[in-house]
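The values are calculated or read from the model by the stated rules, or taken from the named source; none is laboratory data. Fair warning: this is a prediction, and the values are worked out from it, not measured in the lab. A quick note on method: Cβ atoms are made from the backbone with ideal geometry, for glycine too, and the neighbour counts reach across all protein chains shown. Each accessible area value is taken on the protein alone, full model and side chains, heavy atoms only, with ligands, DNA and RNA left out. Shrake-Rupley method; radii C 1.70, N 1.55, O 1.52, S 1.80 Å.
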Amino acid sequence: MGVADHCKDTFLELQRKKTHRYVIFKIDEKRKEVVVDKTGGAAESYDDFMASLPENDCRYAIYDFDFVTDENCQKSKIFFIAWSPSVSRIRAKMLYATSKDRFRRELDGIHYEIQATDPTELDLEVLRDRAH
């Protein structure tokens, strides 16, 4: 499975320039590569991000999580999310599972990884707990 150059460029825009709050990627089965599916502007919320994940299909996502530490310092952590809803096609789940490590290696600077099969596993509190 290949990775479109645009994926790395878009990730760097999120990581370095803070242009995006999140990036959602999908596998283009015809082209046999990972491509950018959607980006969310820096002002978008976590609810916007969650609404952008399809209920019945797999995706990879990067989310730039901003938070304030107990010492009152503003911090940011980048999460890699492997979204694989239990109702998605078996073939899609297998394709995303087998391509995940290769794709993730292309994106340097990810702090945490979460694998989720339903929205409760991606609750904002889960990210908050992991980031602290």
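Tabulated results
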{"read-out": "Solvent-accessible heavy-atom area per residue, rounded to whole Å², over the chain at 1.4 Å", "value": "56 Å²"}
{"read-out": "Alpha-carbon Rg/Rh ratio, for segment 1-67, with Rh computed the Kirkwood way", "value": "0.98"}
{"read-out": "Value of [θ]222 nm, deg cm²/dmol, for the chain, DSSP H segments ≥ 4, -39500 (n - 2.57) each, nearest 500", "value": "-9000 deg cm²/dmol"}
{"read-out": "Among Ile81, His6, Pro54 - extreme Cα towards positive end, dipole of segment 2-131, charges at beta-carbon", "value": "His6"}
{"read-out": "Hull volume in cubic angstrom per residue (convex hull over the Cα atoms of segment 2-131)", "value": "98 Å³"}
{"read-out": "Given charges at beta-carbon only (K, R positive; D, E negative), |dipole| of the chain in Debye", "value": "620 debye"}
{"read-out": "All-pairs alpha carbon distance profile, segment 68-132, 10 Å steps from 0, percent", "value": "18, 42, 30, 8, 2"}
{"read-out": "Sulfur and carbon atoms: percent of accessible area, the chain [1.4 Å]", "value": "46 percent"}
